[in-house]
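Chemist: Following this message is one structure expressed as structure tokens.
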Amino acid sequence: MEQELLALLKQREGAVRRRVEGLRAELAALNERIAAAEEELSDLVVTQATLAGVFAERGAGAPEFGQAPPRDADPDDSPGCLPPVVRAATGEVPAESDWPVLALLASANTPLRAKEICERLEEVADHRHVETLRMRLKRMVRGEWLAEPSRGLFMLADGVRAPDRP
């Protein structure tokens, strides 16, 4: 009787172990799907915010699409200017749309929160803008341009530094 009971328990243990392994595999697959969906959501929110800004400028008498807006003669704005940061190991340059955020964080002495970054970049710091920026910052963390040393604080990632100036 004891042997039968031990055999049943062993059999049940094996079945539960297989179920746990199956559930872990499902969880891993779900985590991948969640990460992909979060990235798509981030891209959509950033696109929506960008388009809203473009449409607002366009409605306010900004130049039509396809025309370059007039620019001040600022040497830092010239197409040949250096990015604010590069990857030290590879010399890789970040996306140009990320340059203002990276330049701000490169000059900051401490990690900053999304709202602080929003305010310092002179953007509207309402909830929608802050959340849009937060998703963009999270994307930059995934791309290893930024680090998040503690929840909600952002700084340059290790190995990201200002480029060597000529």
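Chemist: Can you run down the residue pairs with Cβ atoms below 6 Å, 6 or more apart or on separate chains, where the first is in segment 142-166 and touching a residue at least 60 places away in the same chain (Cβ under 8 Å) and the partner is in a loop (DSSP other than H, G, I, E, B) and loosely packed, with under 15 Cβ neighbours inside 10 Å?
Modeler: Hits for this filter: 159/88; 159/89; 161/88; 163/82.
Chemist: Taking residue 98 as the residue in question, decide whether it is modelled with pLDDT under 85, closer than 26 Å to residue 53 by Cβ and in a helix (DSSP H, G or I).
Modeler: Taking the combined requirement at face value, the residue does not satisfy it.
The values are calculated or read from the model by the stated rules, or taken from the named source; none is laboratory data. Computed from a predicted structure; not experimentally measured. Don't worry about glycine lacking a Cβ; one is built from the backbone with ideal geometry, like all the others, and counts go over all protein chains shown.
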